[in-house]
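First comes the structure, then the notes that go with it.
The values are calculated or read from the model by the stated rules, or taken from the named source; none is laboratory data. In this text the structure is predicted, and so the values were computed from the model without any measurement. Here Cβ is always computed from backbone atoms with ideal geometry, including for glycine, and neighbour counts include all displayed protein chains. Remember, those area values only see protein heavy atoms, side chains included, never the ligands or the DNA or RNA. Shrake-Rupley method; radii C 1.70, N 1.55, O 1.52, S 1.80 Å.
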Amino acid sequence: MKKYNKIFATVFFLTLLPLSACGKGATEPQAEKASEIKPVDVCNLLTQVEVDSLFGKSVGAGKPDSAVPHVQGCIWPATGIPSFILQVLPAPASVHSSIDPGESYQVIDLEGLGDQAAVAIQQANPQYGTATGVAILGLAKGDYMVTLSPVRLDIQESSPQFELLKKLANNAVQKL
(Lines give C-alpha, C1' and ligand atoms only; values in the text may rest on other atoms or scores of the structure.)
Protein backbone atom coordinates (compact mmCIF):
# COMPACT_ATOMS: atom_id res chain seq x y z
CA MET A 1 0.00 0.00 0.00
CA LYS A 2 2.89 2.39 0.72
CA LYS A 3 4.12 2.27 -2.88
CA TYR A 4 0.64 2.98 -4.25
CA ASN A 5 0.33 6.04 -1.98
CA LYS A 6 3.67 7.28 -3.31
CA ILE A 7 2.53 6.60 -6.89
CA PHE A 8 -0.72 8.47 -6.36
CA ALA A 9 1.03 11.39 -4.67
CA THR A 10 3.66 11.60 -7.42
CA VAL A 11 1.17 11.42 -10.29
CA PHE A 12 -1.06 13.99 -8.60
CA PHE A 13 1.94 16.24 -7.98
CA LEU A 14 3.18 15.90 -11.57
CA THR A 15 -0.24 16.93 -12.82
CA LEU A 16 0.00 20.13 -10.76
CA LEU A 17 3.66 20.83 -11.59
CA PRO A 18 3.03 22.70 -14.85
CA LEU A 19 0.69 25.10 -13.08
CA SER A 20 3.61 26.51 -11.15
CA ALA A 21 5.67 26.88 -14.33
CA CYS A 22 3.08 28.29 -16.70
CA GLY A 23 -0.26 28.57 -14.95
CA LYS A 24 -2.11 31.21 -13.02
CA GLY A 25 0.93 32.55 -11.17
CA ALA A 26 3.23 32.60 -14.19
CA THR A 27 4.87 35.74 -15.40
CA GLU A 28 4.42 36.75 -19.03
CA PRO A 29 7.90 35.52 -20.05
CA GLN A 30 7.15 32.11 -18.52
CA ALA A 31 3.83 31.88 -20.38
CA GLU A 32 5.58 32.88 -23.61
CA LYS A 33 8.25 30.23 -23.01
CA ALA A 34 5.54 27.60 -22.61
CA SER A 35 4.18 28.31 -26.06
CA GLU A 36 7.66 28.35 -27.61
CA ILE A 37 8.91 25.03 -26.25
CA LYS A 38 9.91 22.79 -29.13
CA PRO A 39 8.73 19.19 -29.35
CA VAL A 40 11.19 16.80 -27.72
CA ASP A 41 11.47 13.02 -28.03
CA VAL A 42 11.46 12.67 -24.26
CA CYS A 43 11.72 8.88 -24.26
CA ASN A 44 15.09 9.18 -26.01
CA LEU A 45 16.61 11.62 -23.51
CA LEU A 46 17.68 8.57 -21.50
CA THR A 47 18.70 5.20 -22.83
CA GLN A 48 16.90 2.06 -21.73
CA VAL A 49 20.16 0.97 -20.07
CA GLU A 50 20.20 4.18 -18.01
CA VAL A 51 16.61 3.71 -16.86
CA ASP A 52 17.17 0.02 -16.10
CA SER A 53 20.28 0.89 -14.08
CA LEU A 54 18.10 2.69 -11.53
CA PHE A 55 16.10 -0.48 -10.96
CA GLY A 56 18.89 -3.02 -11.28
CA LYS A 57 16.72 -4.87 -13.81
CA SER A 58 14.82 -4.26 -17.02
CA VAL A 59 11.62 -2.28 -16.54
CA GLY A 60 10.61 -2.30 -20.19
CA ALA A 61 10.39 0.44 -22.77
CA GLY A 62 8.93 3.84 -22.07
CA LYS A 63 5.95 5.47 -23.73
CA PRO A 64 5.36 9.14 -24.51
CA ASP A 65 2.90 10.94 -22.27
CA SER A 66 1.55 14.39 -23.03
CA ALA A 67 -1.60 14.46 -20.93
CA VAL A 68 -0.63 17.76 -19.29
CA PRO A 69 -0.46 20.99 -21.35
CA HIS A 70 3.06 22.39 -21.89
CA VAL A 71 4.61 19.20 -20.50
CA GLN A 72 6.21 16.49 -22.58
CA GLY A 73 6.77 13.23 -20.79
CA CYS A 74 7.78 9.62 -20.92
CA ILE A 75 6.60 6.90 -18.55
CA TRP A 76 8.36 3.59 -17.89
CA PRO A 77 7.15 0.91 -18.36
CA ALA A 78 4.85 1.51 -21.32
CA THR A 79 2.13 -0.62 -19.74
CA GLY A 80 0.92 -1.05 -16.19
CA ILE A 81 1.66 1.15 -13.20
CA PRO A 82 4.36 3.79 -13.85
CA SER A 83 7.73 3.07 -12.26
CA PHE A 84 9.66 6.07 -13.54
CA ILE A 85 8.54 9.36 -15.10
CA LEU A 86 10.66 11.83 -17.08
CA GLN A 87 9.18 15.18 -18.06
CA VAL A 88 10.35 18.24 -20.00
CA LEU A 89 8.70 21.60 -19.50
CA PRO A 90 9.58 25.29 -19.72
CA ALA A 91 12.15 26.38 -17.13
CA PRO A 92 10.49 28.11 -14.19
CA ALA A 93 11.90 31.14 -12.40
CA SER A 94 12.64 28.87 -9.43
CA VAL A 95 13.07 25.09 -9.65
CA HIS A 96 12.86 24.93 -5.85
CA SER A 97 9.43 26.58 -5.80
CA SER A 98 8.11 24.75 -8.84
CA ILE A 99 8.73 21.26 -7.43
CA ASP A 100 7.61 22.08 -3.88
CA PRO A 101 4.35 20.21 -3.28
CA GLY A 102 4.11 21.68 0.22
CA GLU A 103 3.44 19.89 3.47
CA SER A 104 5.02 16.46 3.96
CA TYR A 105 7.91 17.24 1.58
CA GLN A 106 11.33 18.75 2.11
CA VAL A 107 12.81 20.55 -0.89
CA ILE A 108 16.58 20.82 -1.07
CA ASP A 109 18.54 22.83 -3.62
CA LEU A 110 21.27 20.90 -5.42
CA GLU A 111 24.56 22.46 -6.45
CA GLY A 112 26.57 21.75 -9.59
CA LEU A 113 23.69 20.67 -11.84
CA GLY A 114 22.45 22.86 -14.69
CA ASP A 115 21.35 26.43 -13.99
CA GLN A 116 19.22 25.34 -11.02
CA ALA A 117 18.36 22.02 -9.46
CA ALA A 118 16.37 20.81 -6.49
CA VAL A 119 14.92 17.62 -5.09
CA ALA A 120 11.61 17.13 -3.28
CA ILE A 121 11.86 14.45 -0.62
CA GLN A 122 8.66 12.94 0.67
CA GLN A 123 8.68 12.71 4.45
CA ALA A 124 7.45 9.62 6.27
CA ASN A 125 3.85 9.79 7.41
CA PRO A 126 2.51 6.68 9.16
CA GLN A 127 -1.05 8.02 8.90
CA TYR A 128 -0.86 7.72 5.10
CA GLY A 129 1.59 4.83 4.96
CA THR A 130 4.29 6.87 3.22
CA ALA A 131 8.03 6.48 3.68
CA THR A 132 10.84 9.01 3.31
CA GLY A 133 12.31 9.07 -0.17
CA VAL A 134 12.96 11.09 -3.31
CA ALA A 135 9.69 12.07 -4.99
CA ILE A 136 10.99 14.32 -7.77
CA LEU A 137 14.25 15.82 -8.95
CA GLY A 138 14.05 18.98 -11.06
CA LEU A 139 16.90 20.38 -13.14
CA ALA A 140 16.69 23.54 -15.24
CA LYS A 141 19.09 24.49 -17.98
CA GLY A 142 18.40 27.29 -20.44
CA ASP A 143 14.74 27.33 -21.45
CA TYR A 144 13.95 23.83 -20.18
CA MET A 145 13.41 21.96 -16.96
CA VAL A 146 13.71 18.19 -16.74
CA THR A 147 11.99 16.37 -13.90
CA LEU A 148 12.63 12.77 -12.91
CA SER A 149 10.24 10.92 -10.64
CA PRO A 150 11.32 7.49 -9.38
CA VAL A 151 7.76 6.48 -8.53
CA ARG A 152 8.36 2.85 -7.59
CA LEU A 153 11.81 3.20 -6.11
CA ASP A 154 12.76 4.04 -2.56
CA ILE A 155 15.68 6.38 -3.27
CA GLN A 156 17.27 8.02 -0.26
CA GLU A 157 19.11 11.33 -0.52
CA SER A 158 22.49 9.90 0.52
CA SER A 159 22.32 6.72 -1.56
CA PRO A 160 24.26 5.67 -4.68
CA GLN A 161 20.88 5.55 -6.48
CA PHE A 162 20.40 9.26 -5.72
CA GLU A 163 23.79 10.03 -7.26
CA LEU A 164 22.75 7.99 -10.30
CA LEU A 165 19.42 9.86 -10.50
CA LYS A 166 21.30 13.20 -10.52
CA LYS A 167 23.60 11.89 -13.26
CA LEU A 168 20.62 10.77 -15.35
CA ALA A 169 18.94 14.18 -14.94
CA ASN A 170 22.12 15.86 -16.11
CA ASN A 171 22.43 13.43 -19.07
CA ALA A 172 18.83 14.14 -20.12
CA VAL A 173 19.09 17.92 -19.93
CA GLN A 174 22.33 17.88 -21.95
CA LYS A 175 20.40 16.35 -24.89
CA LEU A 176 17.93 19.24 -25.09
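Remarks
- Rounded if a/c under 1.5, otherwise prolate or oblate - the range 124-176, Cα gyration tensor axes: prolate
- This model, with +1 at the C-beta of Lys and Arg and -1 at the C-beta of Asp and Glu, gives the range 38-136 a dipole about its Cα centre of some 320 debye.
- Phi angles of the range 161-176 translate, via the Karplus equation with coefficients 6.51, -1.76, 1.60 and θ = phi - 60°, into HN-Hα couplings of 5, 5, 4, 5, 4, 4, 4, 5, 4, 5, 4, 5, 5, 5, 8, 7 Hz per residue; Gly and Pro are given as x.
- A straight chain from TYR128 to ALA61 at 0.36 nm per residue would run longer than the Cα-Cα distance by 21.0 nm.
- Computed E for SER158/GLU50 - FRET, C-beta separation, R0 22 angstrom, nearest 0.05: 0.55
- Sequence-distant residues sharing a close amide H with ASP65 (under 5 Å, placed H): GLY73, CYS74, ILE75
- Length added when fully stretched, SER94-GLN174, from 0.36 nm per residue minus Cα-Cα: 26.9 nm
- Accessible area, probe 1.4 Å, largest first, for residues SER58, SER158: SER158, SER58
- Gain in span if fully extended, THR79 to GLN106, counting 0.36 nm per residue against the direct Cα distance: 6.7 nm
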